[in-house]
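Student: Questions regarding the structure given below will be posed in turn.
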Amino acid sequence: MGLKSSLMVDPMHTSKQPEMTGPLKNPMMQQLNVVGERNSISSTLDENAIMKQVLDTHLPDGTEVDVKSLMQMVEELLQDITTNVASTSSVAQTDVDQPEAKYHQIDALLTSNILSHTIDRLACEMLVKLLSNTDGHTIALSLFHVVENFYWDAKLTLILAAFALAYSPDQLENSTDILEQVTTINDRFDAISKQIHSVLELSRCIFQFKELPYISSEVPAMTRALNTVPIAIYWNVRGIIACATHITCMGYEYGMSSAEIQSRELSSLDLKINHLLEFLRKQLDEYNRFIAIKDMDLTESFNQVLDTVHSDNLKILKILLNPWDNPLPLFAGTTKQRVNLEVLRKRIVLLLISGLDMSLEEVSILEQIYIEMRSHGSRAESQYEVVWVSIVDPHIMNTDAMNARFEEMRNNMPWYSVYDPSNVDKAVKRSIRDRWHFRNKPILVALDPQGKEVSLIALHMMWIWGSIAFPFTTAREEALWSEETWRLELLVDGVDPDILMWTREDKYILLHGGDDIEWIRKFTRSARAMASVARIPLEMFYVGKSKPRENVRRVMATISLEKLSHSVMHPTLIWYFWTRIESMLFSKIQLKHADDQDAIMLQIKKLLSYDKDGSWGLLCHGSHILTNGHGPTMLQTCVDFDLWKQHIPSRGFDLSFKNYHDKLHGETNNCFKFEFPIVEGSIPEGMRCPECHRSMEKHISFICCHDQTSLPLS
């Protein structure tokens, strides 16, 4: 049942109450006068006794509440209450339609919330106790018992929500006729508004502690603050109960003795709440000063430790992953248990650093490589561990959606993860960005068993060579490139087994890409006609674009329907193909192989530039790549077959095709362009055009990377 249906009736007008013959003769009035007296802050209970009673009600069971979202709605309602209290005290008629409309909208959101039953119970409990001559302390304990299974911030928010709904603009309107007869009541409205304002200020301060990126009891200020939070929440609840008493009583008495008692209580509570607010703010400031100093120390330590030789890797891993000495900072993907840093001692550690936007393609392919290395690698190759380090804005992380996303990713990864993103100190995050050039795209940093950095681009090595890149050092990277040639297997490894089979069968293979379906139709049909006349075995394979949008999915569907060409079976493989090509470029740049003498680098640059411009084709004979060309010239070469086929008997098909294509290409005089994301941290100082060999100009581009039309993963 919603809160409005069960509670939002005037307690003065229920059927169980005696008929009201006059404010001073109403038995309920006398009861409320006593309530006003008994809710006084004066009490025989001392602070320690109160604290013990409050803590005895605290039995959290792990139930999570989106406190931030709920509190935003509560604050709007409370602000409306203070506005309507003020407007109700004026004899002049005011327009309250807009606040009421907003109230009903927020009320609907709250009462449809899964917590509505709890809020309903709290409001019932508060109203019933107020009307049954119960003192403020007992009411507060009763409310704490209702929310005993919630954490402290959730307790406070739920109680505030119950008050906000129980004392809505509707409730206040019911007292207007009587209140308009009272000429000395404005001060009481001001006191209520002031109290609600103080309660909200203290609540915001309490919530600030939850939003801290990390909490350490080693700081005296934090210990004092955490010990104070429960009693601060108690007095905040007492303050809101006093407001409820004040509002309930106002319309039903003219005598001032009770009003004076209530006003004194509000004043005393306001002093108490503001004293607690001042104390907590002071602790927060002291803690923030401590954190600032520790951040500077961590930044210096991060760089010093990485530049120093150690006997093992635990010192740097502690700074990176566990600066606050959590006994179990890691989560093991295989066992789903928390573990100690000792599992990484003297192991090669690959730090997979990313945000929560790491794509499922990246995770799934990395997982395949990881499993392959684990199951088929040599003994040396098994002496490494992957650790996922999630770099997340703590303010973004404090939402149910982001927490759920993090836990989903962490639970689906087979390797280790930092159990809680807040374990990664903000100074360490800054150092990761500065030293390892992390921005948004995932990176894989390889540390040897002594904690020394051996590669900042291990992810590129992983994409290009998979498990054979172990141990991911620069020396290993150089050795692997020294063994490579510009061949088809380098481009398509892991993309489709049929292509590798065609190379073994020494067939002609046309890779092609782009998203212009008309060009694809003309190209594939012209190429097939050319191959038929030339009597060569030709297979064609579509690999899409480096930025696969929805149009690529439609192209793939058309290719399959019209049987124009072979194509990848899943969009993930398109992503993988282009990620490997881009990784080759960045690996070459990192190794200073960007000069024109590197044949592989030259062809990689051409292919990436063709992809940016539109359609392209790459013709191979077995493993040997004959021509890597732009769409228009590749198509024209096939269309003009009759103009150059007479050279085939003397030169062979391969050379004849290449010569004619190169002739057309020279006539078009196409040059190239490249885009380097700053996140890679390895933009070359200069680059020559792979076509005309002139030095290319360097420009800065701003490109939106939020692609709402990206291919779905399913």
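Student: Exactly one of these conditions fails for Arg580: (1) without any contact (Cβ under 8 Å) to a residue 60 or more places away in the chain; (2) crowded, with 20+ Cβ neighbours inside 10 Å. Give me its number.
Tutor: (1) is the only condition that Arg580 fails.
Student: Residues of the stretch 505-530 being among the charged types (D, E, K, R), at pLDDT 95 or above and over 19 Å from Phe653 (Cα atoms), which ones? Full working, then the answer.
Tutor: As a first pass, look at the stretch 505-530 and keep what is among the charged types (D, E, K, R): 505-507, 515-516, 518, 521-522, 525, 528.
Narrowing the set further to residues that are at pLDDT 95 or above leaves 505-507, 518, 521-522, 525, 528.
Answer for the stretch 505-530, where residues must be among the charged types (D, E, K, R), at pLDDT 95 or above and over 19 Å from Phe653 (Cα atoms): Glu518, Arg521, Lys522.
Student: Related question: Can you work out which of the residues in the stretch 370-414 that are in contact with a Lys or Arg (Cβ under 9 Å, 6 or more places away or on another chain) and among the aromatic types (Phe, Trp, Tyr) is modelled with the highest pLDDT?
Tutor: Here the residue is Trp388.
Student: Here's something else I'd like to know. For Thr668, all conditions in the list (1) at pLDDT below 90; (2) among the β-branched types (Val, Ile, Thr); (3) touching a strand residue (DSSP E or B) at 6+ places or on another chain (Cβ under 6 Å) hold save one; what is the number of the exception?
Tutor: Single failed check for Thr668: (3).
Student: Just give me the residues in the stretch 339-366 being of a type in the set (Asp, Glu) and modelled with pLDDT of 90 or more, in sequence order. Let's see the steps before the verdict.
Tutor: So the first thing to find is which residues in the stretch 339-366 are of a type in the set (Asp, Glu), and the list is 342, 357, 361-362.
Within the stretch 339-366, just Glu342 meets the criteria.
Student: For Leu564, work out the one condition from (1) in contact (Cβ under 8 Å) with a residue 12 or more places away in the chain; (2) assigned to a helix (DSSP H, G or I); (3) more than 20 Å from Asp493 (Cα to Cα) it doesn't fulfil.
Tutor: (2)
Student: Hey, could you check the stretch 544-561 for residues that are over 18 Å from Asp613 (Cβ atoms) and touching a residue at least 24 places away in the same chain (Cβ under 8 Å) and say which is surrounded by the fewest Cβ atoms within 10 Å (Cβ to Cβ)? Don't jump to the end; show me each part of the working.
Tutor: At the first step, the residues of the stretch 544-561 found to be over 18 Å from Asp613 (Cβ atoms) are 550, 553-554, 556-561.
Cutting the leftovers down to touching a residue at least 24 places away in the same chain (Cβ under 8 Å) gives us 550, 553-554, 558-559.
Working: Glu550: 14, Arg553: 18, Arg554: 12, Thr558: 14, Ile559: 20.
Checking each candidate, the answer is Arg554.
Student: Kindly provide the set of residues from the stretch 459-494 that are aliphatic (A, V, I, L, M) and over 30 Å from Cys620 (Cα atoms), ordered by number. Talk me through it step by step, then tell me what you get.
Tutor: Quick first cut of the stretch 459-494, residues aliphatic (A, V, I, L, M) only: 459, 461-462, 464, 468-469, 475, 479-480, 488, 490-492.
If the condition is that a residue be aliphatic (A, V, I, L, M) and over 30 Å from Cys620 (Cα atoms), then Ala475 is the only one that fits.
Student: For Phe541, all conditions in the list (1) part of a helix (DSSP H, G or I); (2) over 20 Å from Thr485 (Cβ atoms); (3) free of Cβ contacts under 8 Å to residues at least 60 places away in the same chain hold save one; what is the number of the exception?
Tutor: Looking at each condition in turn, Phe541 falls short on (1).
Student: Now for a different question. Looking at (1) touching a helix residue (DSSP H, G or I) at 6+ places or on another chain (Cβ under 7 Å); (2) among the basic types (Lys, Arg); (3) closer than 25 Å to Asp295 by Cβ; (4) assigned to a helix (DSSP H, G or I), which one does Arg433 not meet, given that it meets all the others?
Tutor: (1)
Student: Anything in the stretch 513-538 that is of a type outside the set (A, V, I, L, M), in contact (Cβ under 8 Å) with a residue 40 or more places away in the chain and either surrounded by fewer than 20 Cβ atoms within 10 Å (Cβ to Cβ) or closer than 25 Å to Leu585 by Cβ (or both)? List them, or say none.
Tutor: So the first thing to find is which residues in the stretch 513-538 are of a type outside the set (A, V, I, L, M), and the list is 513-516, 518-519, 521-526, 528, 532, 535, 537.
Cutting the leftovers down to in contact (Cβ under 8 Å) with a residue 40 or more places away in the chain gives us 513-516, 519, 521-524, 526.
Gly513, Gly514, Asp515, Asp516, Trp519, Arg521, Lys522, Ser526 - these are the residues of the stretch 513-538 that are of a type outside the set (A, V, I, L, M), in contact (Cβ under 8 Å) with a residue 40 or more places away in the chain and either surrounded by fewer than 20 Cβ atoms within 10 Å (Cβ to Cβ) or closer than 25 Å to Leu585 by Cβ (or both).
Student: Does Glu300 count as of a type outside the set (Ser, Thr, Tyr), in a helix (DSSP H, G or I) and either outside the structural domain of Lys452 (by TED's automatic domain parsing) or on the phi > 0 side of the Ramachandran plot (or both)? Quick ask: steps written out before the conclusion?
Tutor: Working: of a type outside the set (Ser, Thr, Tyr): yes; in a helix (DSSP H, G or I): yes; either outside the structural domain of Lys452 (by TED's automatic domain parsing) or on the phi > 0 side of the Ramachandran plot (or both): yes.
Taking the combined requirement at face value, the residue satisfies it.
Student: Select, from Ser482, Ser526, Ser560, the only residue that is of a type in the set (S, T, N, Q) and in contact with a helix residue (DSSP H, G or I) (Cβ under 7 Å, 6 or more places away or on another chain). Even if it seems obvious, please write down each step before you answer.
Tutor: On the way: Ser482 fails: in contact with a helix residue (DSSP H, G or I) (Cβ under 7 Å, 6 or more places away or on another chain); Ser560 fails: in contact with a helix residue (DSSP H, G or I) (Cβ under 7 Å, 6 or more places away or on another chain).
Ser526 is the lone residue from the list that is of a type in the set (S, T, N, Q) and in contact with a helix residue (DSSP H, G or I) (Cβ under 7 Å, 6 or more places away or on another chain).
Student: List pairs: first residue in the stretch 222-240 and touching a residue at least 24 places away in the same chain (Cβ under 8 Å), second residue surrounded by fewer than 23 Cβ atoms within 10 Å (Cβ to Cβ) and of a type in the set (Asp, Glu) anywhere in the structure, Cβ distance under 7 angstrom, at least six positions apart or on different chains.
Tutor: Ile231/Glu47
Student: Kindly list the number of the only condition in (1) assigned by TED's automatic domain parsing to the domain that holds Leu143; (2) at pLDDT 80 or above that fails for Ile261.
Tutor: It is condition (2) that Ile261 fails.
The values are calculated or read from the model by the stated rules, or taken from the named source; none is laboratory data. None of the values given here were measured: they were computed from a predicted structure. Note that each Cβ is placed from the backbone with ideal geometry, even for glycine, and that neighbours are counted across all protein chains shown.
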